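The values are calculated or read from the model by the stated rules, or taken from the named source; none is laboratory data. Since the structure is predicted, the reported quantities are computational estimates derived from the model, not experimental observations. So basically every Cβ, Gly included, is an ideal-geometry build from the backbone, and we count neighbours across all protein chains shown. Accessible surface is based on the protein model in full, side chains and every heavy atom, while ligands, DNA and RNA are left aside. Shrake-Rupley method; radii C 1.70, N 1.55, O 1.52, S 1.80 Å.
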Amino acid sequence: MLDSLFCLLIGKSYQCPMENYTQTSTDFILLGLFPLTRIGLFFFIVIIIIFLMALFGNLSMILLIFLDTHLHTPMYFLLSQLSLIDLNYISTIVPKMASDYLSGNKSISFIGCGVQSFFFLTLAGAEALLLISMAYDRYMAICFPLHYPIRMSKKVCVLMITGSWIMDLVNSCAHTLYDFHIPYCRSRTINHFFCDVPTMLTLACMDTWVYEYTVFVSTILFLVFPFIGTACSYGRVLFTICHMRSTEGKKKAYSTCSSHLTVVTLYFGPFVYTYLRPRPFRSPTEDKVLAVFYTILTPVLNPIIYSLRNKEVMGALRRVIQRFCSVNM
């Protein structure tokens, strides 16, 4: 199981076994993110640390928002949904990648690849639509504070979340079903660290230009339009902030918006750039590096940005800790 890792630690004096790429006729091979070298091992350990931080941070945010009644507001309800998505999002990618790296067996079954692709597409789209919902929430709270309780009620939040999940499930089901009805050639080596649709299309034994057009349309609908909507919302918010008289209110609103914009930029930028490029301009190495931003880095940055820079969250953390300490005493 750990032969490949053992080879890296003891160096060249040991005759390491070659990686086993033996596969059945229906298996795919994921080449992974890092080479089997000491530098690759270092970056692998970094990714594992980031993964554990993402699990702890997002799970902590979900529990904190659930336990503290002061955070039972639309903004933090949406934030808890974001943490839930990120928790599942990164868990869809990293455990399989880590298992492949440690075992040296990089094969993934046909069904396993389909399941991973389905969850990736569903969670990626859900996060994109949730980010625009959060931008709309801040837009209403800052630009129309008197209408905020009506426009962003609990019922409205639930409808926004439910609608996002339904649209993403339909989209991901359509893409997954089509992807796994495409005839693939003898070579089933996917030059990526997960089953990504654009990379898999390069292995098809048929002309896929029609389907690539549908991928382009889906990218526009689920990434570009939400990004434009989010940018417009924050543009309007920043315009309103500039005309605020209260210095404290201006600072608080600006801090919140800058946090959101950081997440939006790191998520949408690499994602849109990757999926909208024509196949001749694609680079497997570049695709994998860009994918790290929206599959691994964004899930760990969300709880850090929203908790460490948010006084309400830190205050809720102190209240929860005090409550548990008083119960134990």
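Structural remarks
- Normalised per residue, the accessible area of the stretch 156-305 is 49 Å², obtained with a 1.4 Å probe and no contribution from ligands, DNA or RNA.
- Among ILE48, ILE190, ILE39, the largest mean-square fluctuation in a Gaussian network model of the chain (Cα springs under 10 Å) belongs to ILE39.
- Structure remark: mean-square fluctuation, Gaussian network model of the chain, C-alpha springs under 10 Å; the largest value among GLY57, GLY112, GLY229 belongs to GLY112.
- Degrees separating the helix 38-67 axis from the principal Cα axis of the chain, which is the longest one: 30 degrees
- Taking a sphere under 10 Å around the Cβ of VAL197 and counting the other residues whose Cβ falls inside, with K and R at +1 and D and E at -1, yields a net charge of -3.
- Only protein heavy atoms count here; under a 1.4 Å probe, ILE85 has an accessible surface of about 10 Å².
- Rounded tilt (10° steps) of 225-242 against the dominant C-alpha axis of the chain: 30 degrees
- ³J(HN,Hα), Karplus 6.51/-1.76/1.60, whole Hz, each residue of the stretch 291-297, x for Gly, Pro: 5, 4, 5, 8, 10, 10, 6
- Each helix, a run of at least 4 DSSP H residues, gives -39500 (n - 2.57); summed and divided by the residues of the chain, these come to -24000 deg cm²/dmol at 222 nm.
- Over 25 Å between alpha carbons, listed pairs LYS106/LYS288; LYS154/LYS311; LYS96/LYS154; LYS155/LYS311; LYS154/LYS252: LYS96/LYS154; LYS155/LYS311
- From phi via Karplus (6.51, -1.76, 1.60), per-residue ³J(HN,Hα) for the stretch 93-102 in Hz, x at Gly/Pro: 9, 5, x, 5, 4, 5, 4, 5, 5, 6
- Protein accessible area in the stretch 27-328, 1.4 Å probe - carbon and sulfur %: 72 percent
- Gaussian network model of the chain, springs between alpha carbon atoms under 10 Å - residue of SER91, SER80, SER246 with greatest fluctuation: SER246
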